[in-house]
Amino acid sequence: MIEYILGYLHSDVTPGEAGNLFWVTVYVLLVFLGISIGVIFMNWFERKVMAHMQVRIGPMRVGPHGLLQPIADALKLIIKEDLMPSGADKIVFWFAPVCVVMTAFCGFIVVPFGRTHAITDMNIGVLFMLGVSSLGVLGVIMAGWASNSQYPLMGSLRSGAQMVSYEVAMCMSVVSAVMMTSLVTGTGTMSMIGIVQAQEQQHMWFAFSFFPVGLTALGVFAIAMVAETNRAPFDLPEAESELVAGFLTEYSGFRWSLFFLAEYAGMMAVSAIAATLWLGGWLRPFPHLLGGAAWDTAFSLVPGLGFILLGALCLFYTARMPRLRSMRGNLIGLAGFGAFLALLGAFMLLPGVRTRVQDIFWFTIKVGFFMYLYIWYRTTFPRYRFDQLMKIGWKFLLPISIGVVVLTAVIGVRQELLALVWR
Amino acid sequence: MSDERFRDSKLADSHLRDSRDRDSQAGNPQERDSQFSDSPFYDSFDEVAPGHTFLDSKEVVLNMGPQHPSTHGVLQVVLKLDGEKVNGLECIVGYLHRGIEKIAENRTWAQFGPFVDRLDYTAAVSNSLGYCLGVEKLLAAEVPKRGQYLRVILTELCRLASHQVWLGTHVLDIGAVTPLFYAFRDREMILNIFEKYCGARLTTHAFRIGGCRWDAYPDMAREVLHICDDLGPKIDEYRDLITGNRIWLQRTKGVGYISPEDCIAYAITGPVLRGSGISWDVRKAQPYSSYEDFDFDVPLGKNGDTFDRYLVRLEEMRQSIRIIRQAVEGLPEGPVIAKLPKVLKPPAGEVYHSIEAPKGELGYFMVSDGSQQPYRVRVRPPSFINLQALEKMAVGSLVADVVAIIGTLDIVLGEVDR
C-alpha cells in the first residue's frame, strides 16, 4: 500500500497516466482547493482593481485592505435564506447550480499546471475541455427555465444563443493552434500537455508562430472566451440594467454563490486553455534564448523571491499603518499575512520545492494575465446589444477564425515542403 | 390611484406566471373591467386557447419595474415583447406620488418653498427658482440684481450637477460602470458649494420669495471659479472615456430617434427637443433672472437620436460653465433679497412662469385667491411630459434600447409623480 503511494513520487508523468488512484484523489482535492482559493482571491482582487480604476478604494474594513471580505461575503451567502419561487420547477431549480459548478470544475481535470502537475493527460484534452465547459450553458438554461419568471428566461435564452455562436469561432481558433503542434515533429496532438511540449520543441509560443496568424487566433479566442463566460462587455445574460440579474434573478444565498463560483471557475478554465494553447502553458519565459543551468536556477528562484517581495510589501504597509488602538487587529493581521507570504516564499526557495513549484507559478501568472483583462474589460466597456453581439460572433469573428485556420494550413504546409527540399 | 389599475397590472403578471391562473380569470370578465380594458394591450391574452403556456404565444408581456435597476426610480414599464423586440409598451406612473401639488393648498406661499425641492431632487435649485419667480411675478416684486446673479450661479451649478447624475446613470444603463464614479466625484465639488452656501446638499431650498436668503459666503467666488477651471478638463475626460467608444456609438447612434415634428407634437422640451434640432431654450426665448446679460450658445443636435442628445447635454455643461464664469465675474454689489412684507398675500389672480430646468421647461401655474395660501399650484414637470415620448421612441427597438431611451429622456420619478 505504502509502496503504491510512494511509488508514484519517482515517476515523471501525471498521476492519471501513472494510474495511481491515491494521487489522483489528492490532485483532485488540491485542484479543487486551489481553484476555490483562486475564486476567493479573484473576488477580492476584482473589487480592489475595479475600485482603483473607478476612483474609490474598495473594501477596507473586513481585514487589512479588505482581505477577509470575500470570506465574510461567502459566510453571509451561506447563512442567507435560500429562496425558491413557489412556481419553480423544484428539481431543475436545485440541479441547475450543481450542473454549472460540476461542468466548470470538470474541465480542470486536464489543465496542466506543470509537466506532472495535472490530474491526467488525455489525448483529446482540448476537445474535452471545450466540450465540458460548453455544457455549462445547460445549467444556465435550466436555471432560467426552472425559475418560472421572465427575466431569467430571457437571460438564459440569450446565454444559450450567445454561447452557441461564440463556440464556433472559439473552436476554429483552437483548431489553428492544434494544427501548429504538428509542425516539427510531424504528428499533431490535442493533449494539453502535448501542446505545451510542442511549443517547447518548436522554441516558440504559438501566439508568435506565423506572426501574426497565431496572435490573431489568440485574439479571436480571447474575445470569444469573454462572450463564452458571459462577462462584460458581453454580459447580456445577466445584464443588470436590462434583465435585473438575468438567469440569477430568482437565486439567492448558497445557490447563488454556486453560480458565482462556477462563473469564476469557468473564467479560469478558458484562461487556462488560452495560456496553454498560445502562451506556452507552464513554460517559463525564454526557455531557449536564456537556456542553460545558470538561467534555469535563476528563473526557478523567481516564485520564491516574488512571494518574499509580496511579504515585504505587506510588512512595509504594516509599518506605515497609523498606530491606533482600533486598527490593532488589522495591524497584526497584515503583519501576520506578510510574514506568512515571506515564509511561503522562503519555503519555495528550497531546491527540492522550487523545481516543482516554478511550473505552477508561471502558469498561474499567465492565467492571471487573462483574469486581469477580464476585470479591465468590465470597467472599460459599455455593453453590447444582442443583435450587435450576434453580428460580431457570426460576421466578424467566425470569418477571421476560418481565415486563420486556412492561413495556418497554407503556411504550415509551405514550411514543411521547404524543409523537405532543404533536407 | 385606483385599485383597479393595480389589479389589472397583477392580472398581466399572473397571465404569464401560470396558464392555470389564466383559465380561471379568462372566464371572469368583470376582473378585467378597468381602465385598460379598451386598450389593445391586454386583449391578446384572450386569444390564446386555454391550456397553452405563454411560450406558445408570439408575445411575452414583461413588467419592467417598479423595482428595476434602470428605470431611474419607481417607473413601471409594461413591455409587450416578441422575443427581444418591443411591440408595445405602456408606462405606469404614480408609485412616488406624494401629493405635492395638493400640499401647496394647505401651506402659505413661503412654506411651500421647501416642497418644490422634492420634485426633481437632482436639481432642487432649479425647482426652487421656478417657484420663486412665479410667486414674484404674482407679487410684482423685483429681485435685486445681485440676488438675480447669485440665483443664476447656483442654478447653473445645479444644472451641471443634474447633468452629471444623468451622465453617470445613463452610461451605467448602457453597461459602462466607470464613468458613473467619475461624474459623481465631480458632482461632489458642486454639492460642497451648496452645502457651504445654505447647509444642504441635495434639497437645498436656497432661494426665498424675493431673492436669496443668504449672500455669497466670503470665499464663494473663488471656489466657484475654481470649479469652472476644474470642470472643463473633467468634461473632456468624460468625452474621452465615452464619446469615441465603438460600443457606445453602436448603442446610441440611431437609437431612440424622434423627429422634430413629433417633438413639437408631444410638447417635448429641454435637451431632448434640442437634440432633434429645434432651437428652443427658455433662457434665450423668454429670459428670466438676468439671463439676457450673459453670452452663451444653445447647442443643437441634428439627428434626434440618443447620441445627439448625449452630445447636446455635454455641450450644455460647457455653456453652463461659461454662464457661471460671467456671472461670478460680473457679480454686482447690493442686497440679495427684495423688501417684502412678512406675510405674503399676493393679489387674486393667476400666473404661469416657466424656466429652463436641466430636464426641460419647468413651469408653475399658480392661482391666488388673495389669501396667504395658494389656491392652486400646478407644476408642468418636464420629465413627465418627455416621458410620453417613450412609446414613440421605443416601439420597434430591442429591450436594451428601452433602457437606453429611458436614460436619455433623463426622467426623475419625483417629478413625474409629484
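The values are calculated or read from the model by the stated rules, or taken from the named source; none is laboratory data. Every value quoted in this text rests on a predicted model; they were computed, and no experiment measured them. Don't worry about glycine lacking a Cβ; one is built from the backbone with ideal geometry, like all the others, and counts go over all protein chains shown.
Does region B:327-349 contain at least one residue that is of a type in the set (Gly, Ala, Ser), within 23 Å of B:Asp120 (Cβ to Cβ) and either surrounded by fewer than 23 Cβ atoms within 10 Å (Cβ to Cβ) or free of Cβ contacts under 8 Å to residues at least 24 places away in the same chain (or both)? Give the derivation first.
At the first step, the residues of region B:327-349 found to be of a type in the set (Gly, Ala, Ser) are B:327, B:330, B:334, B:338, B:348-349.
Filter once more, so that each one left must be within 23 Å of B:Asp120 (Cβ to Cβ): B:327.
Filter again for either surrounded by fewer than 23 Cβ atoms within 10 Å (Cβ to Cβ) or free of Cβ contacts under 8 Å to residues at least 24 places away in the same chain (or both), leaving none.
No, that holds for no residue.
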Residue check, A:Val31 aliphatic (A, V, I, L, M) and either touching a strand residue (DSSP E or B) at 6+ places or on another chain (Cβ under 6 Å) or closer than 22 Å to A:Val140 by Cβ (or both): no
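Of all residues being of a type in the set (A, V, I, L, M) and away from chain B (no Cβ under 14 Å) in region A:34-57, which is surrounded by the fewest Cβ atoms within 10 Å (Cβ to Cβ)? Just the residue, please. Break it down stepwise before answering.
We begin by selecting, within region A:34-57, every residue of a type in the set (A, V, I, L, M); these are A:35, A:37, A:39-40, A:42, A:49-51, A:53, A:55, A:57.
Restricting the remaining residues to those that are away from chain B (no Cβ under 14 Å) gives A:35, A:37, A:39-40, A:42.
Working: A:Ile35: 20, A:Ile37: 10, A:Val39: 21, A:Ile40: 18, A:Met42: 22.
That would be A:Ile37.
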Exclusive hit being buried (at least 19 other Cβ atoms within 10 Å of the Cβ), closer than 30 Å to B:Asp82 by Cα and at pLDDT 90 or above, set B:Ile385, B:Ile411, B:Ile355: B:Ile385
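With the structure loaded, tell me whether B:Leu138 is more than 26 Å from B:Glu329 (Cα to Cα), within 14 Å of chain A (Cβ to nearest Cβ) and part of a helix (DSSP H, G or I) or whether it fails that test. Can you show your working first?
Numbers: more than 26 Å from B:Glu329 (Cα to Cα): yes; within 14 Å of chain A (Cβ to nearest Cβ): no; part of a helix (DSSP H, G or I): yes.
It is false that B:Leu138 is more than 26 Å from B:Glu329 (Cα to Cα), within 14 Å of chain A (Cβ to nearest Cβ) and part of a helix (DSSP H, G or I).
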Near pairs, Cβ below 7 angstrom, 6+ apart or cross-chain, from region A:11-39 (assigned to a helix (DSSP H, G or I)) to any residue that is surrounded by fewer than 17 Cβ atoms within 10 Å (Cβ to Cβ): A:Ala18/A:Ser11; A:Phe22/A:Tyr4; A:Phe22/A:Ile5
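Taking region B:236-269 as the search range and keeping residues that are small (Gly, Ala, Ser) and under 20 Å from B:Val402 (Cα atoms), which one is modelled with the highest pLDDT? Steps first, answer last, please.
If we filter region B:236-269 for residues that are small (Gly, Ala, Ser), which is where we start, we get B:244, B:254, B:256, B:259, B:265, B:267.
Then keep just the ones that are under 20 Å from B:Val402 (Cα atoms); that gives B:254, B:256, B:259.
Numbers: B:Gly254: 85, B:Gly256: 86, B:Ser259: 89.
Checking each candidate, the answer is B:Ser259.
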From A:Phe307, A:Phe259, residue being farther than 29 Å from A:Val353 by Cα, in contact with a Leu (Cβ under 7 Å, 6 or more places away or on another chain) and surrounded by fewer than 24 Cβ atoms within 10 Å (Cβ to Cβ): A:Phe259
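Yes or no, residue by residue, for (1) closer than 19 Å to B:Ile227 by Cα; (2) crowded, with 23+ Cβ neighbours inside 10 Å:
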| position | (1), (2) |
| --- | --- |
| B:Leu167 | yes, yes |
| B:Ile174 | no, yes |
| B:Phe181 | yes, no |
| B:Phe184 | yes, no |
| B:Glu188 | yes, no |
| B:Asn192 | yes, no |
| B:Cys198 | yes, no |
| B:Leu202 | yes, no |
| B:Arg208 | no, no |
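Out of the residues in region A:367-391 that are of a type in the set (D, E, K, R) and assigned to a helix (DSSP H, G or I), state the one that is farthest from the other protein chains (Cβ to nearest Cβ). Let's see the steps before the verdict.
We begin by selecting, within region A:367-391, every residue of a type in the set (D, E, K, R); these are A:378, A:383, A:385, A:387, A:391.
Going one step further and asking which of them are assigned to a helix (DSSP H, G or I), we end up with A:378, A:387, A:391.
Values: A:Arg378: 7, A:Asp387: 7, A:Lys391: 9 Å.
The qualifying residue farthest from the other protein chains (Cβ to nearest Cβ) is A:Lys391.
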Test: residue in region A:130-144 that is within 14 Å of chain B (Cβ to nearest Cβ) and in a helix (DSSP H, G or I): yes
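Residues that are in contact with a Lys or Arg (Cβ under 9 Å, 6 or more places away or on another chain): find the helices (runs of 4 or more DSSP H) completely inside region A:162-253 holding 2 or more of those. Talk me through it step by step, then tell me what you get.
Values: elements: A:192-201, A:213-228, A:240-243.
Ranges flagged: A:192-201, A:240-243.
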Odd one out for B:Asp401, checked against (1) more than 14 Å from chain A (Cβ to nearest Cβ); (2) surrounded by 24 or more Cβ atoms within 10 Å (Cβ to Cβ); (3) not basic (Lys, Arg): (1)
